[in-house]
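The structure under discussion appears below in the form of structure tokens.
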Amino acid sequence: MIENQRNWAGNYTYSAARLHYPETAEQVQELVSRGRKLKVLGTRHSFNGIADSPEDLISLEHFDQVVALDRKRQTVTVEGGVRYGQLCQQLHREGYALPNLASLPHISVAGACVTATHGSGDSNGNLATAVSAMETVTADGEVVVLSREEHGEQFQGAVVGLGGLGVVTKLTLDIIPTFDMRQDVYENLPLAQLEDHFDDIVSSAYSVSLFTDWRSARFNQVWFKRCVTAGASFEPEPELFEATLATSQRHPIAELSAVNCTEQMGSHGPWHERLPHFRMEYTPSSGEELQTEYFVPRQHALAAIRAIERLREQVTPLLQISEVRTIAADNLWMSPCYRQASVSIHFTWQKKWPAVRKLLPMIEEQLAPFQARPHWGKLFTMPPTRLQSLYERLPDFQQLLRHYDPHGKFRNAFLDTYIFGAR
């Protein structure tokens, strides 16, 4: 078994016998050609076995370079192991930005995209929607390049590939001109106000995050991330929908120091220093947590929130914090936001898996009427047949995986259970 075999949170132990650190694409091809069972290990921010393998794991730690910036096409090509924090700094220096970021800049671009990881914002799709081309080493050791422009539907199926197509060695991402942002935090938003003004609140900034501990009928904090226009002035209201403007830096968990959080209090700064919740130069936490997240269609957001409210007594003893965000619809087959604008309800739990494992079926039962889909890289207990029924393009995705990996070299227990399991 490999040394240091746990994920970031320490809740999952990888079963692989060997961990490889190739430095060139040719070395990746050789590993894939001679391997029987392989998966790619990113920054280990998944909480389940989606990235595990019974035999070999390939780390793209050395694939951390920005390959090319195409100003004419407004794209950037990066190696699969690049982390967002590193990429963002280089893009900003060149006058460009990504459309959106997740709350952590520490995660790898490839890992985030293949699991449909996301940020927030009514008009912002998940991070995979920025991908316009991808280079993958497939099961036979060959390099395959797919692009949005040339491969249409096949490309839409491959981007959120769950690690099943092969080793993603390069990605080309759409970029936009760089921009500045400000971040303002409001406290104690009554749930009644959210119910009456949900659309107004979540659409009032480029990115909006609502945090709650579910202990009362209110949201503890609302983080508004607004674009700043040169020469335009903006003064936040002291009160917004009965929530009050915070007077100092805040951490989503009130008891924790805000030192590792991105700058608030309305100060202007580059997009990549405001869109994430946490700063790249700090470790966001010790990893002593578990995470779960469910996506529901936008129109069911309030009903889903009320459903979680009904479990307040069961949820609060195990919870650190919960976050609600909006995500735009996309056309990626295995994205939880496929063809539906969505709202995600995220839970950061205390590291008490036996108790959380008993609670998750109760949450999933409450959210079942809204066709809730779990985040691929986080913890859930939903039966495979139920999960499979939520993805209309699953048969096409199965066919795509069989085409590029006919003998299941990149399949593991997770894919066998949730993608290829009996329906």
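Net charge in the neighbourhood of residue 312 (other residues with Cβ under 15 Å of its Cβ; Lys, Arg +1, Asp, Glu -1) is +1. Projecting the Cα atoms of 43, 308, 16 onto the charge dipole of the chain (Cβ charges, centred on the Cα centre) puts 16 farthest toward the positive pole.
Tell me, in nm to one decimal, what length is gained between residue 389 and residue 176 on full extension, where the rule is 0.36 nm per residue of separation less the Cα-Cα distance?
Working: separation 213, 0.36 × 213 = 76.68 nm, distance 3.63 nm.
Extending this stretch completely gives an extra 73.1 nm.
Placing unit charges on the Cβ atoms only, positive for Lys and Arg and negative for Asp and Glu, gives the chain a dipole magnitude near 920 debye about its Cα centre. Here the Gaussian network model covers the chain, with springs between Cα atoms less than 10 Å apart; of 187, 23, 235, 235 fluctuates the most. Computed from phi, the 3J(HN,Hα) profile of region 382-387 under the Karplus parametrisation 6.51, -1.76, 1.60 (θ = phi - 60°) reads 4, x, x, 5, 5, 4 Hz, with x in place of Gly and Pro. Amide H contacts of residue 291 (H built 1.01 Å from N, in plane; Pro and chain starts excluded): 349, 379 sit under 5 Å, all sequence-distant by 5 or more or on other chains.
If you put +1 on each Lys and Arg Cβ and -1 on each Asp and Glu Cβ, how big is the dipole of region 66-177 around its Cα centre, in Debye rounded to 20? Before the final figure, lay out the partial values.
Working: 7 positive and 11 negative charges, 82 e Å.
So the magnitude is around 400 debye.
Once you've got the Cα coordinates, tell me which of 352/409; 39/351; 37/358; 37/351 are over 28 Å apart. 352/409; 37/358; 37/351, as the Cα separations exceed 28 Å there. By the Stokes-Einstein formula, at 0.890 mPa s and 25 °C, region 215-327 with its Kirkwood radius over alpha-carbon pairs has D equal to 148 µm²/s. Among the chymotrypsin sites (Phe, Trp or Tyr not before Pro) found in region 234-309, those both in a DSSP coil and sparsely packed, with 16 or fewer other Cβ atoms within 10 Å of their Cβ, are 234, 282.
The list (1) 100, 69, 52; (2) 62, 50, 39; (3) 77, 43, 34 gives values of Cα extents along the principal axes in Å, and only one came from this structure; which label was calculated from it? Matching the structure shown: (2).
Here the Karplus relation 6.51 cos²θ - 1.76 cosθ + 1.60, evaluated at θ = phi - 60°, turns the backbone of region 394-404 into coupling constants of 4, x, 5, 5, 4, 5, 5, 5, 5, 5, 8 Hz, with x for every Gly and Pro.
Residues whose amide H lies under 5 Å from that of residue 20, counting only those 5 or more places away or on a different chain, are 57, 58, 59; hydrogens are built 1.01 Å from N in the peptide plane. Neighbour counting of Cβ atoms within 10 Å sorts the residues 104, 318, fewest neighbours leading, into 318, 104. Across region 181-196, computed HN-Hα scalar couplings (Karplus, 6.51 cos²θ - 1.76 cosθ + 1.60, θ = phi - 60°) run 9, 10, 10, 10, 10, 10, 10, 6, 7, x, 4, 4, 5, 5, 5, 7 Hz from first to last residue, x flagging Gly and Pro. Working note: Cα gyration tensor of region 66-177, eigenvalues times five, square-rooted, sorted largest first, giving semi-axes of 21, 15, 14 Å. The label point for residue 362 and the one for residue 256, both projected 7 Å from the Cα toward the Cβ, are 2.4 nm apart. Mind listing the long-range amide H neighbours of residue 67? Cut-off is under 5 Å, sequence gap 5 or more, other chains count too, H placed in the peptide plane at 1.01 Å from N. Hits under the 5 Å cutoff: 77, 78, 79. Return the lysines within reach of residue 72: Cα separation strictly under 23 angstrom, same-chain partners fewer than 8 residues apart disregarded; answer none if there are no such residues. List returned: 170.
Positive end of the dipole of region 66-177 (Cβ unit charges, origin at the Cα centre): among 176, 151, 132, the Cα lying farthest that way belongs to 176.
Could you point to the residue in 141, 75, 87 farthest towards the positive end of region 66-177's charge dipole, with +1 and -1 charges on the Cβ of Lys/Arg and Asp/Glu respectively? Toward the positive end, the furthest listed residue is 87. Both the radius of gyration and Dmax for region 18-59 are 10.4, 30 Å, in that order, over alpha-carbon atoms. Our helix-only sum for the chain, with -39,500 (n - 2.57) per DSSP H run of n ≥ 4 divided by its residues, gives a mean residue ellipticity at 222 nm of -6500 deg cm²/dmol. Overall, region 180-384 carries a charge dipole of about 740 debye about its Cα centre when +1 sits on the Cβ of Lys and Arg and -1 on the Cβ of Asp and Glu, all other atoms neutral. Neighbour counts of other Cβ atoms within 10 Å put 50, 419 in the fewest-to-most order 419, 50.
A short reminder: the numbers here are calculations on the coordinates, not readings from a lab. Note that the structure is a prediction, hence the values are computed from the model and not measured. Note: ideal-geometry Cβ built from the backbone for every residue, glycine included; neighbour counts use all protein chains shown.
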